[in-house]
Amino acid sequence: MTMKNYTFSAPAEQTDRDEAARQKAFLERARRDVDDLAARLGRRPTCHINTFGCQMNAKDSEKLLGILLAAGYEETESEDADLVLFNTCTVRDNADQRVFGRLGRISHYKKKNPAMKIGICGCMMQEPSNVERIRKSYPYVDLIFGTHNLFRFAEYLCEVLESDKRIVELWNATDRIVEDLPSDRKYPYKAGVNITFGCNNFCTYCIVPYVRGRERSRRPGEILEEVRTLVSQGVKEIMLLGQNVNSYGRDLGDDITFARLLKACAEVEGVRLVRFMTPHPKDFSDEVLTVIADHPNISRHIHLPLQSGSTRVLKKMNRRYTKEQYIALAEKIRKAVPDASITTDIIVGFPTETHEDVDDTIDVVRRVGFDNAFTFIYSMRRGTPAATWEQIPEEIKKAEFQRVLTVVQETARKQAERLKGKILPGMVEEVNSQTEGYVTARLSCNMIVHIPGDASMIGRIFNIRLDRCCGFYYFGEAVGEI
Ligand code: SAH
Ligand code: SF4
Ligand code: F3S
């Protein structure tokens, strides 16, 4: 078994072109290995990536799949494949448990197909105890790597295909940004674009800064180049991705801010819609709001994680805003961009949280009137400050969670009703699998609408009349293409 731990210093140039060239050479080699495998099998080998977690992981999986397809694998929907890769998330314990569960269940495929290769990567692998557990209890896993060295996947693929040894390589950190490697976009019409990697906020409950490292911004020129390329390939909707997009550019030392980057992206010729995820309330500038208000092609959806409505809890969470500041910001957003929806993330059961603290959270939910909210039960993450504090008993967490959920659903339904009868632009994303003869569109405000139609409408933008509200989604009709 190989086990290496490296830490790198920053290269002179941000994009590491030497490493990209090195990985391309490995990709050539992997192509020959896959050809040999195909000859042995008498068919093209298949691959499957199982992705957990957030948009960052979804984006990383597109890069991993890009390499696999370029090497000659064929993608399959089934985990009964010649190569299966788990791209993991560790933000909450149930994410970890799901991965271990799935990993256990695929062992029988390998018994049937001994040439099968199983790999695991992503955020969970940056936590040594998880790696230990895999090494001990899942001997059939062939490849383990982490978030910082994902760009070396072509190299690991060669190693795995050329030997029966288990390959384990984990880095503690990296300053490198390696681009220009293949990527296979899941959707032809929409794409995520990384603008920052990592996070510097260290919210006291959160594992992300430990598993994704320090915040690094990509240079604006490289981001804009990627956006232009995507548009030239037919992409209509771009989502700018970062753990805290508002702090974009701080490490670049130039005069660049998120507001300026957002404006530049929205003004790229041919971009129909620009979304972004996630802004942090503490860094939300007026300039960003002005840019949104001035550009109709920036999404009318702002996901603004609240986490808690109690100023005392927020302080303990290290969120760096108060209840009042959050409400004031939400009001400012409603005034500057009245047609924008505001959605949020809420954690219930944070250490020391009282019934009154939860009342404060509920109060903010009511006063802001969120269009939607993801509510999570606090999950203790090893190595974070909050893990060492007095924990709330499970049954209290569950009861308080239910209390918040009820109000969240109430405001979301009320907000959704406000759209009834309106005609708004939306892009058709997929054929509706439940209702025959229907397709599903997403509006700029992120609302989902089911409309009569067929696959030929996918990736096209229509004016859609919102007829029937079903709580969190609508039934409607296209009244003309735009
Ligand atoms: N960077 C984003 C969120 C990343 S994680 C932000 O700051 O908003 C996505 C969501 O998971 C968070 O908003 C939070 O609500 C939730 N989360 C993170 N750590 C958690 C934990 N330990 N327990 C429960 N929920 C958690
Ligand atoms: Fe986690 Fe906070 Fe960073 Fe979001 S901002 S990723 S919640 S540490
Ligand atoms: Fe999960 Fe990693 Fe994203 S921990 S939420 S996949 S950054």
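Test of understanding: among Ala373, Ala412, Ala416, Ala386, which residue is more than 24 Å from the chain's Cα centre (by Cα) and among the small types (Gly, Ala, Ser)?
Being more than 24 Å from the chain's Cα centre (by Cα) and among the small types (Gly, Ala, Ser) holds for just one of Ala373, Ala412, Ala416, Ala386, which is Ala416.
Specify the residue that is nearest to Val211 (Cα to Cα); the eligible residues are those in region 386-402 that are surrounded by 15 or more Cβ atoms within 10 Å (Cβ to Cβ) and more than 16 Å from ligand 3 (Cβ to nearest atom).
Trp389
Find the residue count for region 174-202, including only residues that are in a loop (DSSP other than H, G, I, E, B) and either under 18 Å from the mean Cα position of the chain (by Cα) or among the aromatic types (Phe, Trp, Tyr) (or both).
Residues that pass the stated criteria total 13.
Quick check on this structure: which one of Ile458, Ile448 is surrounded by 18 or more Cβ atoms within 10 Å (Cβ to Cβ), outside the structural domain of Arg367 (by TED's automatic domain parsing) and farther than 30 Å from Thr354 by Cα?
On inspection, the qualifying residue turns out to be Ile458.
Might you check whether a residue that is farther than 27 Å from Cys206 by Cα, part of a helix (DSSP H, G or I) and not charged (D, E, K, R) occurs anywhere in region 108-118?
Yes; the residues of region 108-118 include at least one that is farther than 27 Å from Cys206 by Cα, part of a helix (DSSP H, G or I) and not charged (D, E, K, R).
Kindly indicate whether any position in region 89-102 is away from ligand 3 (no atom under 16 Å from the Cβ) and in contact (Cβ under 8 Å) with a residue 12 or more places away in the chain.
no
Starting from residues that are part of a loop (DSSP other than H, G, I, E, B) and in contact with a helix residue (DSSP H, G or I) (Cβ under 8 Å, 6 or more places away or on another chain), keep the ones in region 340-358 and report whichever is farthest from ligand 2 (Cβ to nearest atom).
Checked region 340-358; the qualifying residue farthest from ligand 2 (Cβ to nearest atom) is Ala340.
Just to check your reading of the model, which residue among Arg133, Arg176 is of a type outside the set (A, V, I, L, M), away from ligand 1 (no atom under 16 Å from the Cβ) and at pLDDT below 95?
Exactly one of Arg133, Arg176 is of a type outside the set (A, V, I, L, M), away from ligand 1 (no atom under 16 Å from the Cβ) and at pLDDT below 95, namely Arg176.
Please identify the pairs in which a residue from region 261-274 that is farther than 11 Å from Leu224 by Cβ and in contact (Cβ under 8 Å) with a residue 60 or more places away in the chain has its Cβ atom under 9 Å from the Cβ atom of a residue that is of a type in the set (Lys, Arg) and part of a loop (DSSP other than H, G, I, E, B), counting only partners at least 6 apart or on another chain.
Every condition considered, the pairs that remain are Arg272/Lys236; Leu273/Lys236.
Residue pairs, Cβ under 6 Å, 6 or more apart or interchain, first in region 280-299 and farther than 22 Å from Tyr321 by Cα and among the β-branched types (Val, Ile, Thr), second away from ligand 2 (no atom under 16 Å from the Cβ) and not in a helix (DSSP H, G or I). List them.
Taking only residues 6 or more apart or on different chains, the pairs are Ile292/Ile298; Ile292/Val337; Ile298/Val274.
Taking the condition within 30 Å of Ile458 (Cβ to Cβ), more than 12 Å from ligand 3 (Cβ to nearest atom), in the same structural domain as Gly104 (by TED's automatic domain parsing) and touching a helix residue (DSSP H, G or I) at 6+ places or on another chain (Cβ under 8 Å), does Phe153 pass?
yes
Restricting attention to region 424-438, which residues are over 24 Å from the mean Cα position of the chain (by Cα) and either of a type in the set (Ser, Thr, Tyr) or buried (at least 16 other Cβ atoms within 10 Å of the Cβ) (or both)?
Leu424, Pro425, Thr435, Tyr438
This table checks each residue for (1) in contact (Cβ under 8 Å) with a residue 24 or more places away in the chain; (2) among the small types (Gly, Ala, Ser); (3) within 25 Å of Cys47 (Cα to Cα).
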| position | (1), (2), (3) |
| --- | --- |
| Glu159 | no, no, yes |
| Arg166 | yes, no, yes |
| Pro182 | yes, no, yes |
| Phe197 | yes, no, no |
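Among the residues in region 402-415, are any closer than 27 Å to Ile207 by Cα, of a type outside the set (A, V, I, L, M, F, W, C) and modelled with pLDDT of 95 or more?
Scanning region 402-415 turns up at least one residue that is closer than 27 Å to Ile207 by Cα, of a type outside the set (A, V, I, L, M, F, W, C) and modelled with pLDDT of 95 or more.
Which condition number in (1) crowded, with 17+ Cβ neighbours inside 10 Å; (2) in a helix (DSSP H, G or I) is the one that Leu69 fails?
Status for Leu69: all satisfied but (1).
Need the failing condition index for Ile144 against (1) more than 26 Å from Ser78 (Cβ to Cβ); (2) away from ligand 1 (no atom under 16 Å from the Cβ); (3) surrounded by 20 or more Cβ atoms within 10 Å (Cβ to Cβ); (4) not charged (D, E, K, R), just the number.
For Ile144, the exception is condition (1).
Pairs please, first residue from region 39-56 and closer than 19 Å to Ala70 by Cβ and within 13 Å of ligand 3 (Cβ to nearest atom), second anywhere and outside any loop (DSSP other than H, G, I, E, B) and of a type in the set (S, T, N, Q), Cβ atoms under 8 Å, 6+ apart in sequence or on different chains.
Thr51/Asn57; Thr51/Ser61; Thr51/Asn87
The values are calculated or read from the model by the stated rules, or taken from the named source; none is laboratory data. Predicted, not measured: the structure shown is a model, and the values here were computed from it. A quick note on method: Cβ atoms are made from the backbone with ideal geometry, for glycine too, and the neighbour counts reach across all protein chains shown.
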